[in-house]
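These notes are about the structure you will find just below.
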Amino acid sequence: MPEETTFKGGCHCGAVRFEITTDLGTVMNCNCSHCAMRGVLWNFAPETRFALTQGEDALQDYQFNKKVIHHLFCRTCGVESFARGTMPDGTPTVAVNVRCLDGIDLESLTLTPIDGRSK
Ligand SMILES: [Zn+2]
């Protein structure tokens, strides 16, 4: 099992920065209409493991479909580095875009396909 690690990450221009403590054992590659266009790779963690260190003001919210997830992208560079939502049990959750983590080696990850398209 991959160990829990604290990662730093953020958007392309640097306006949005965060830290997240998580393990990257499950990285989801979603085929829904929105993710497929952008190639986002998701890792989910409880919101208590996440800290937005800068950029709350830089975020623009985008919602679609059932509008349960807040897709937060940077107003300046347009990159969605994380999203906020809730698990079915009500736990506040964040999904970070693994591509936006500093120094991440994407080749080392095992991707888990999820079928968001048919949901
Ligand atoms: Zn940005």
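Among residues of region 21-33 being open to solvent by less than 60 Å² (accessible area, probe 1.4 Å) and in contact (Cβ under 8 Å) with a residue 40 or more places away in the chain, the one that is farthest from the ligand (Cβ to nearest atom) is GLY25.
If you filter region 1-15 down to residues that are touching a Leu at 6+ places or on another chain (Cβ under 6 Å) and not in a loop (DSSP other than H, G, I, E, B), you find that the one that is nearest to the ligand (Cβ to nearest atom) is GLY9. Looking across region 54-83, the residues that are in a strand (DSSP E or B), open to solvent by 60 Å² or more (accessible area, probe 1.4 Å) and either at pLDDT below 95 or more than 14 Å from the ligand (Cβ to nearest atom) (or both) come down to ASP61, TYR62, HIS70.
The sole residue among PHE44, PHE18, PHE50 that is within 16 Å of the ligand (Cβ to nearest atom) and either polar (S, T, N, Q) or within 19 Å of ASP102 (Cα to Cα) (or both) is PHE18.
The values are calculated or read from the model by the stated rules, or taken from the named source; none is laboratory data. Bear in mind that the values here come from a model prediction, so they are computed numbers and not experimental data. Backbone-built Cβ (ideal geometry, glycine too); neighbour counts: all protein chains shown. Heads up: the accessible areas ignore ligands, DNA and RNA and are worked out on the full protein's heavy atoms, side chains in. Shrake-Rupley method; radii C 1.70, N 1.55, O 1.52, S 1.80 Å.
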